[in-house]
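The values are calculated or read from the model by the stated rules, or taken from the named source; none is laboratory data. Predicted model, so just to flag it, every value in this text is computed and none were measured. Cβ atoms come from the backbone with ideal geometry, glycine included; neighbour counts cover every protein chain shown.
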Amino acid sequence: MSTEDGQKLSDAAFAGDLPKLDGLLATGIAIDTCDKDGFTALHRSCVTGNATVINFLLDKGAKVNMEDSVRAGDDVLRPADSLSSLPPPFPRCAAT
C-alpha cells in the first residue's frame, strides 16, 4: 500500500470521519498503512483522543504495537499516554 493510501486513512481518522474510514478500508487499503509522516490511522486517532475512532480501528484489527517511522521506538500507544486518566474506552489505548 502507498503512503497516499495511508494519508487518506490518517486524514479520515484525524477528522473523525468514520464513514470515510469504513469506505477506504472497504476498497482494500490495509488498516495499518502508514501516511507520509510514518503514522497509522490509529496513531492519529490516539493523538486526537477520539474514542469512537480508536475503538472502530481496534475493532477492525488495527495493531497497537505499530512503531511510527519518525521516532524509532514510539508505538501507537505513546500518544495515548495522556489519555489514561480518561474514562473507558481510553484505557484500551493507554500505555502498558
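Would you call D37 more than 12 Å from the chain's Cα centre (by Cα), at pLDDT 90 or above and either of a type in the set (G, A, S) or over 18 Å from N65 (Cβ atoms) (or both)?
Spelling it out, it is not the case that D37 is more than 12 Å from the chain's Cα centre (by Cα), at pLDDT 90 or above and either of a type in the set (G, A, S) or over 18 Å from N65 (Cβ atoms) (or both).
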Exercise. Since G16 meets every condition but one in (1) buried (at least 20 other Cβ atoms within 10 Å of the Cβ); (2) of a type outside the set (K, R); (3) out of contact with any His (no Cβ under 9 Å at 6 or more places or on another chain), which condition does it not meet?
Worked result: (1)
For this session: Please give the number of the condition L24 fails out of (1) surrounded by 17 or more Cβ atoms within 10 Å (Cβ to Cβ); (2) modelled with pLDDT under 95.
Result: (2)
Problem set entry | Residue count, the range 32-45 (criterion: closer than 16 Å to D59 by Cβ and surrounded by 22 or more Cβ atoms within 10 Å (Cβ to Cβ)) | 4
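Being part of a helix (DSSP H, G or I), within 18 Å of T48 (Cβ to Cβ) and touching a Lys or Arg at 6+ places or on another chain (Cβ under 7 Å) is the filter here, so list the residues in the range 1-37 that pass it.
Q7, S10, A12, A13, F14, L24
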Exercise. V47 is checked against (1) under 11 Å from the mean Cα position of the chain (by Cα); (2) closer than 13 Å to K8 by Cα and fails just one. What number does that condition carry?
Worked result: (2)
For this session: State whether the residues of the range 61-78 include one that is at pLDDT below 90, buried (at least 20 other Cβ atoms within 10 Å of the Cβ), assigned to a helix (DSSP H, G or I) and in contact with a helix residue (DSSP H, G or I) (Cβ under 9 Å, 6 or more places away or on another chain).
Result: no
